[in-house]
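The values are calculated or read from the model by the stated rules, or taken from the named source; none is laboratory data. In this text the structure is predicted, and so the values were computed from the model without any measurement. Cβ: placed from backbone, ideal geometry, glycine included. Neighbour counts: every protein chain shown. Keep in mind that these areas ignore ligands, DNA and RNA; they rest on the heavy atoms of the full protein, side chains included. Shrake-Rupley method; radii C 1.70, N 1.55, O 1.52, S 1.80 Å.
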Amino acid sequence: MRIDDEILLFDIGDRVLTKDGRHGIIDKIMTSSVYYEARPIASFMQYTYVVLIEEKKLYLRADQLIK
């Protein structure tokens, strides 16, 4: 079974705001295929955004960011 992939909401270079109020810039976008053996077996594509905030990298999901 295939679950809908996440939608790519941000691009590299986009300025974003984290849910806790910090400003940052998307530095990299990582993709991963999530697979789990629930019944029925399913998989989907998930994005992780690497956000630069004050020279630190945070690895965040789309639901943790505001455009």
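For the ranges 9-18, 32-41, what's the packing order if you count other beta-carbon atoms within 10 Å of each residue, average per peptide, and put the highest first?
Working: 9-18: 13.3, 32-41: 8.5.
Packing order, densest peptide first, comes out as 9-18, 32-41.
Only protein atoms count toward the accessible area here, which uses a 1.4 Å probe; on the chain, the carbon and sulfur part of that area reaches 52 percent.
Grouping the Cα pair distances of the chain into 5 Å bins from zero gives a pair-distance distribution of 4, 17, 26, 19, 12, 10, 7, 4, 0 percent in increasing distance order. Shown in residue order for the stretch 23-32 are the 3J(HN,Hα) couplings computed by the Karplus curve 6.51 cos²θ - 1.76 cosθ + 1.60 at θ = phi - 60°: 8, x, 10, 5, 9, 7, 10, 10, 10, 8 Hz (x for Gly and Pro). A cut-off under 12 angstrom between Cβ atoms defines the neighbours of Ser32, and their net charge, with Lys, Arg +1 and Asp, Glu -1, is -1. For the peptides 22-28, 50-56, the ranking by packing is 22-28, 50-56, with the highest mean count of neighbouring Cβ atoms within 10 Å listed first. At the residue level, Met30 shows approximately 70 square angstrom of accessible surface with a 1.4 angstrom probe and all protein chains present.
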